[in-house]
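These notes concern the structure reproduced below.
Where a number appears in this text, it was derived from the coordinates with a stated rule and is not lab data. No experiment lies behind these values; they were computed from the predicted model shown. Cβ placement follows ideal geometry from the backbone for every residue including glycine, while neighbour counts extend to all protein chains displayed.
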Amino acid sequence: MKTPIFQTSTFAFNNSAEGKRFFALAYGKDQAAEGEQLGLIYSRLNNPNMQILEERLALWEGADEAAAFESGMSAIATTMLAYLKPGDMVLFSHPTYGGTHHFVHQVLVEFGIERIDFDPHDTYDTIYEKIETAQAWSRVKMVYVETPANPTNDLFDLEMLNAIRDEIQLKGGHEVLFAVDNTYMGPLWQKPMDFGADVVCYSATKYLSGHSDLIAGVVVGKKEHVVKVKTLRTFLGLVVNTKYRDVEDSNGSTSQKCFGCSCFFRSTPQGVENLFSRIYKPRGETGCFVSKAMFKRWSYDKF
Ligand SMILES: Cc1ncc(COP(=O)(O)O)c(C=O)c1O
């Protein structure tokens, strides 16, 4: 089923009371009642195409909710800024994609947010020791891991990191967000939430979109966490765009090309509906570069 493309910035309310309620939910001032959905307000907050895309991505992940972004970096940066405050620390995997590395090493420190690094060879005990040595039990508010890591394909043990998160929560007496960048495995091949992750971040620029013709990002996870990330997304203005534009070809004729999240709905092999046949089949039939024992695979029947 193909969705129409909604090219609009603003939506009408039936009455002012309805508008007031939509804004209260969108700004996180009130909790949605059971089954209540955020109404359409303004496309920087939500729009039908983005919502459809988010619902499909949440389904692939088996998550409550998803938030679509202009890029993978905006998804990651917004998640970190939503959960980290000056004085906090992030337990941060090494190596990571260069943009994420730069954001944590160069940008977050400007906001008084520091990090404790761990690498693929670190065990529970060595990470425990690092936190103990830094006397950071009360400061670590996020465990962030990219696995497989870009560019080395190093793998991290998510169950062990979840146990570390539990220990920090116990010793620190506060909640710690467990965030996983799953860009390189994708939601069919690795399900970080099965191993305790609260949110999963993607550069949708890669496998999720089908390669090389759009930039987008996604955060999926438990509802309470994704709602918090979405609220900050609204104020940073980082929603994925929905557009068709007239593009002039080299022969002078114009045609409509899609951009941003409308690209995910194309009838081409890159569409989000075709994620399964794009990712599962080629690897499933010939074997994957990472041992299948490393991750839990969904049953073929589910699709
Ligand atoms: C693992 C990983 N995470 C995040 C990003 C950032 O995503 P984007 O380029 O869509 O902003 C990249 C980009 O290459 C990446 O490889």
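Below are the figures for this structure:
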{"read-out": "Amide H partners (placed H, <5 Å) of ARG115, local residues excluded", "value": "VAL90"}
{"read-out": "Cα-projected label distance for ASP194 with GLU129, points at 7 Å along beta-carbon direction, nm", "value": "3.3"}
{"read-out": "Volume per residue of the C-alpha convex hull in segment 36-155, rounded to whole Å³", "value": "148"}
{"read-out": "Hull-based mean projected area of segment 1-107, where the convex hull spans the alpha carbons, in square nanometres", "value": "9.9"}
{"read-out": "Mean projection area, nm², convex hull over Cα of segment 16-244", "value": "13.0"}
{"read-out": "TYR97 long-range amide H proximity, modeled H, under 5 Å", "value": "ASN150"}
{"read-out": "Net charge of neighbours whose Cβ lies under 14 Å from the Cβ of GLU175, counting Lys and Arg as +1 and Asp and Glu as -1", "value": "+2"}
{"read-out": "Segment 16-244 - charge dipole about Cα centre, Lys and Arg +1 at Cβ, Asp and Glu -1, debye rounded to 20", "value": "960"}
{"read-out": "Residues TYR124, TYR97, sorted so that the one with the fewest Cβ neighbours within 10 Å comes first", "value": "TYR124, TYR97"}
{"read-out": "Antiparallel content of DSSP bridges confined to segment 123-232, in %, to 5", "value": "40"}
{"read-out": "For VAL140, distant residues with modelled amide H under 5 Å away", "value": "MET89"}
{"read-out": "Neighbour-count ranking [beta-carbon atoms within 10 angstrom, fewest first] of ASP125, ASP119", "value": "ASP125, ASP119"}
{"read-out": "Cross-link table LYS141/LYS230; LYS29/LYS228; LYS130/LYS171; LYS2/LYS191, entries beyond 22 Å C-alpha to C-alpha", "value": "LYS2/LYS191"}
{"read-out": "Cut-off 11 Å between beta-carbons: net charge of the residues surrounding ASP88, Lys and Arg +1, Asp and Glu -1", "value": "+3"}
{"read-out": "Which of LEU81, HIS101, TYR42, positive extreme of dipole for segment 16-244 (C-beta unit charges)", "value": "TYR42"}
{"read-out": "Taking GLU55, GLU61, GLU34 and counting other C-beta atoms within 10 Å, the order from fewest to most", "value": "GLU34, GLU55, GLU61"}
{"read-out": "Using θ = phi - 60° and Karplus 6.51 cos²θ - 1.76 cosθ + 1.60, couplings along segment 15-30 (whole Hz; Gly, Pro as x)", "value": "7, 5, 5, 4, x, 4, 5, 4, 5, 4, 6, 5, 8, x, 7, 9"}
